[in-house]
Amino acid sequence: MKIYESYEDLPKLKLPYGNEVFISDSTIRDGSQMPGIVLSREHKIQIYEYLHEIGIEKLEAFVFNKRDRDAVDLMFDKGYEFPEITGWARSSRADIDKILEVDGIEETGILMSVSDTHIHSKMRLSGREEAEERYLDALQYAVDHGLKTRAHLEDMTRADNYGFVFPLVKKIMEIDPDCIIRVCDTVGYGMPFMNIDEPYGIPKIIQHLKKEIGVKNIETHIHDDYGFGSASSIAGFWHGANWTSVTFLGIGERAGNSEMEKILLFLADRVEGFDKYNLEPVTRFAEFMEKELGLRVPRNKAVVGKNIFAHESGIHAAGVLKNPFNYEPYPPELVGGTRLLLIGDSSGLEVIRYKVQETLNNLLDVETVVEKDDRRLLKIQKEIQKLYDKEERVSCISDEELLAYVEKYFLYQPISDPARTGRGKLKNRGKIQEPVEEKE
């Protein structure tokens with residue numbers, strides 16, 4: 001019989017192909033295109049620092065103007081091996097020349113719009129033949145100048161993959177067998193389910209590239225318009241992709257991108273053999289993005305939301321106090337978070353007792369124990385519940401408010417243990433008692 005009573009008891013999942021997988025960050029590039037977001041050089045450098053601390057393998061950056069290039073130069077000045085700084089270019093020799101001007105960049109992505117709507121209405125090309133000619137010329141130019149390449153197959157989940165994209169990929173591989181083929185789900189039409197084929201099925205696309213064409217390096221780049229971003233990125237790994245392109249907090253155009261922190265957590269906590277990423281900085285990273293960029297991180301957002309380890313209801317709070325595994329899927333310290341017990345309209349006596357005891361410990365700087373039948377505790381509970389019963393309160397009780405209750409009912413009662421403090425012993429700890437004088 002299997003018994004699951006702790007985090008260590010739970011089995012880890014295994015990637016079916018046993019493939020090593022990697023993360024490529026696009027926060028500085030794609031994330032900067034989010035409406036209302038302006039990344040200064042200082043912002044980019046700090047984001048780079050967080051990515052380095054986490055252990056992300058690559059990032060991509062624009063180098064079209066001076067401020068972009070200055071930021072990239074400052075990143076190189078750090079001397080870090082990771083994340084590797086890579087470029088981004090449209091399918092033009094002029095764009096690739098911009099990449100070549102930056103000392104230190106050895107790889108670039110090349111945008112290749114593959115859906116018919118992009119070929120005709122966005123790029124104003126005559127058709128697929130002209131598009132292919134342009135894409136392969138840019139790729140060959142980059143390779144001839146010593147660059148490693150990524151082929152960004154934009155809008156692939158609305159393209160004729162069997163009729164156009166897969167044959168194009170074969171020609172790309174002839175030019176650069178090590179090219180990373182980026183499967184771009186540009187408007188989030190892709191689905192993570194195995195039984196879906198042309199043009200939406202991410203697993204089918206990955207498997208065709210891997211098994212039928214023999215692509216060595218496959219990367220997903222998923223937008224989150226239908227909420228499948230992170231799921232589709234993980235599905236890519238599950239079916240043979242070895243890279244995914246993500247942004248921190250999923251920032252980006254429209255609904256954004258696959259969220260780095262979710263994918264990192266899934267790999268580190270649920271998949272066997274992933275101990276290369278340090279998730280402790282992600283909560284600090286999120287706080288930085290909120291403070292410096294004005295982003296609003298929802299309180300209930302997975303991994304980094306302020307409520308992830310917050311407990312108010314009586315059942316949940318009591319369960320967590322007994323064993324965090326009861327209601328927390330992973331320990332707070334894994335992602336740099338902190339457990340928070342709150343007193344609200346659904347809180348039971350146990351969480352109030354815990355919070356009162358915690359407040360006393362901080363107030364007196366000694367270890368104290370408050371019993372559940374302490375009548376002072378019951379008075380505090382009654383006062384708090386009266387606020388909610390009369391609908392005079394629509395928020396949780398703050399620590400400052402609880403301190404006032406503790407001072408009102410406990411401050412002048414002897415609750416400390418003189419064996420530790422030397423200030424008088426106490427019978428029946430936590431009950432109202434008269435102190436007993438110390439004797440020589």
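No lab work stands behind these numbers, since they all come straight from the coordinates. All of these numbers come straight from a predicted model, not from anything done at the bench. Every residue, glycine among them, receives a Cβ derived from its backbone with ideal geometry; neighbour counts consider all protein chains shown.
Using a cutoff of 8 angstrom between alpha carbon atoms and counting only pairs six or more residues apart, the relative contact order for the range 58-201 works out to 20 percent. A Förster distance of 45 Å, applied to the separation of the beta-carbon atoms of E49 and R375, puts the FRET efficiency at 0.25.
Projecting label points 7 angstrom from Cα along Cα→Cβ for S395 and L13 puts them 3.8 nm apart.
Over all directions, the average projected area of the alpha-carbon convex hull for the chain comes to how many nm²?
For the chain, the mean projected area of the Cα convex hull comes to 28.7 nm².
For the charge dipole of the chain, defined by +1 on Lys and Arg C-beta atoms and -1 on Asp and Glu C-beta atoms about the Cα centroid, which residue among I28, V406, A268 has the Cα displaced farthest towards the positive pole? The listed residue farthest towards the positive side: V406. About the centre of its Cα atoms, the chain shows a dipole size close to 1220 debye [charges on the beta carbon of Lys, Arg (+1) and Asp, Glu (-1) only; nearest 20 debye]. What is the helix-to-structure angle for 41-54, meaning the angle in degrees between its Cα long axis and the longest Cα principal axis of the chain, kept from 0 to 90 and rounded to the nearest 10? The answer is roughly 80 degrees.
When Rg and the Kirkwood Rh are both derived from Cα coordinates, the Rg/Rh ratio for the range 109-156 amounts to 1.00. With respect to the chain, whose longest principal axis is taken over its alpha-carbon atoms, helix 128-144 is tilted by about 80°. So what is the diffusion coefficient of the range 300-387 in µm² per second by Stokes-Einstein at 4 °C and 1.567 mPa s, using a Kirkwood Rh over Cα pairs? For these conditions, the coefficient is 93 µm²/s.
Across every direction, the projection of the convex hull enclosing the Cα atoms of the range 177-329 has a mean area of 11.3 nm². Computed on the chain, with alpha-carbon pairs under 8 angstrom and 6+ residues apart, the relative contact order is 12 percent. Compared with the direct C-alpha span, the chain from D73 to V143 gains 22.9 nm at full extension, assuming 0.36 nm per residue.
Note on Y226 and R41: the model spin-label points, each 7 Å out from Cα along the C-beta direction, lie 4.3 nm apart. For the Cα atoms of the chain, what angle does the longest principal axis make with the long axis of helix 66-77, in degrees from 0 to 90, nearest 10? It works out to around 70 degrees. Here's the picture: charge each Lys and Arg Cβ at +1 and each Asp and Glu Cβ at -1 in the range 16-293, and of N19, T117, Y135 the one pushed furthest to the positive end of that dipole is T117.
In µm²/s, what is D for the range 110-240 at 10 °C and 1.306 mPa s, where D = kT/(6 pi eta Rh) by Stokes-Einstein and Rh is the Kirkwood radius from Cα pairs?
109
The convex hull built on the alpha-carbon positions of the range 40-194 has an orientation-averaged projected area of 10.3 nm². Per-residue extension of 0.36 nm, minus the Cα-Cα distance of R339 and Y327, leaves a gain of 3.2 nm for this segment.
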